[in-house]
Amino acid sequence: MRGNADIGEFIRITRQRQRMSQRDLSKVSGLSCGYISQIETGERRLNGKTIDKLANGLGIDVRDLDEVNFGGIPECDEAISSILPPIPEPTILVTKKKADPIRPAHYQSGDGDVIDFTNKYDLDFTRGSAVKYIARAGKKDPATEAQDLEKAIECLRRAIEFCKAKEAGE
């Protein structure tokens, strides 16, 4: 089941990055909300037809799915192969990695990025902004490293003020 969960997670993340609900994806793909939910949680196996509907619904090329590393999950490889034309042996595909405007490189490090961290720890906007400024300090523009850290401190000050006001019953 782990392979199905990996595929489902990719579908969920792609859908969320496009700010689509499961209902939105259901409308454009022709798949039911319940079925999409089961795909995203790894409870359903995918076939070529379903992958094609999901790719069309998400507005991505099926070949984008072919480039995703699912760790050699046979059912994914088979499903994608069933809807892609065979590539002649001597052909070498070179893909240029596109910059992600929502998750730029200066917000990423290690196993995740600022958005993943903020979501994992359910941080509000102010605390998430502090994390953002700390993560990008010196990476986005080395000349503004101190300024980014000052912005992080200001965000934390606001969060502390809010907590104190809340505790005081304001």
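Derivation of every value follows stated rules applied to the coordinates shown; laboratory data play no part. All values reported here derive from a predicted model rather than from experimental measurement. Glycine also receives a Cβ, built like all others from the backbone with ideal geometry; neighbour counts cover every protein chain displayed.
The figures follow:
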| quantity | calculated |
| --- | --- |
| Extension gain from Lys49 to Arg19, taking 0.36 nm per residue of separation minus the Cα-Cα distance | 8.4 nm |
| Taking Val131, Val114 and counting other C-beta atoms within 10 Å, the order from fewest to most | Val131, Val114 |
| Chain lengthening between Val28 and Ala165 when straightened (0.36 nm per residue, less Cα-Cα) | 44.8 nm |
| Kirkwood hydrodynamic radius over Cα pairs of region 109-170, then Stokes diffusion coefficient at 4 °C and 1.567 mPa s, in µm²/s | 104 µm²/s |
